[in-house]
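First the structure, in the form of structure tokens, and then the observations on it.
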Amino acid sequence: MLTMNYTYRIYPDALQQTELRSWLETCRGIYNYALRELKDWIASRKCSVDRCSLEKEYIIPANEPFPSYHRQQNNLPKAKKQFPHLGKVHSQVLQTTIRRLHDTWEAFKKRGHGFPRFKKFGQFKSFVFPQFKNNPINGFTIKLPKLGAVPINLHPPFAPL
């Protein structure tokens, strides 16, 4: 089976642009938070048991499991209750943001270099809608969840299978 991906330019209005920018910053915050959990867990396992510094190291209990993709993804609903602004972003977008971090982590483990980095303001430039219930393209607009219809430049033409 052959999967083809295309990138299309969208033209959101001012309100949609503001919403998209806030989504990017929320995704950046989720990415950085998940990376901080990962780094804290790793740092807590670095020192010897008999010589670990209590002032310099963040201690996580020894029985605390690794913050895997599924564990962090399952914590998203709890985080949405604690931080209501996370509910403004489509849930699958947040899940793919965590997936992006863990894909980078897996690539780092395979290569041995290139540890994932924290993203500064403006460095997080994209997010993904992984699936739609039905074809979201209608003419020269695309219907995005929680955003509505956004004009799109369909070149090359999109041909659904």
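Residue count for region 96-121 under the criterion of being in a helix (DSSP H, G or I), open to solvent by less than 60 Å² (accessible area, probe 1.4 Å) and touching a residue at least 12 places away in the same chain (Cβ under 8 Å): the result is 7.
Output yes when any residue across region 26-34 is open to solvent by 30 Å² or more (accessible area, probe 1.4 Å) and of a type in the set (A, V, I, L, M), and no when none is. Checking region 26-34: not a single residue is open to solvent by 30 Å² or more (accessible area, probe 1.4 Å) and of a type in the set (A, V, I, L, M).
The set of residues in region 74-91 that are open to solvent by less than 40 Å² (accessible area, probe 1.4 Å) and assigned to a helix (DSSP H, G or I) comprises Leu76, Ala79, Leu86, Gly87.
For Phe124, the conditions (1) part of a helix (DSSP H, G or I); (2) of a type outside the set (D, E, K, R); (3) open to solvent by less than 40 Å² (accessible area, probe 1.4 Å); (4) under 15 Å from Leu20 (Cα atoms) are fulfilled apart from (1).
Do you know which residues across region 139-154 are open to solvent by less than 60 Å² (accessible area, probe 1.4 Å), in a loop (DSSP other than H, G, I, E, B) and over 18 Å from Val93 (Cβ atoms)? Passing the criteria: Gly139, Leu154. For Lys133, are the conditions met, namely being over 19 Å from Ala34 (Cβ atoms), touching a residue at least 24 places away in the same chain (Cβ under 8 Å) and open to solvent by 60 Å² or more (accessible area, probe 1.4 Å)? Against the criterion (over 19 Å from Ala34 (Cβ atoms), touching a residue at least 24 places away in the same chain (Cβ under 8 Å) and open to solvent by 60 Å² or more (accessible area, probe 1.4 Å)), Lys133 does not qualify. Flag set for Ile42, criterion: of a type in the set (A, V, I, L, M, F, W, C), surrounded by 12 or more Cβ atoms within 10 Å (Cβ to Cβ) and modelled with pLDDT under 90.
The values are calculated or read from the model by the stated rules, or taken from the named source; none is laboratory data. This structure is a prediction, so every number in the text was calculated from the model and none was measured. Virtual Cβ from ideal backbone geometry, glycine too; neighbours counted across all protein chains shown. Ligands, DNA and RNA are excluded from the accessible area calculation, which covers all protein heavy atoms including side chains. Shrake-Rupley method; radii C 1.70, N 1.55, O 1.52, S 1.80 Å.
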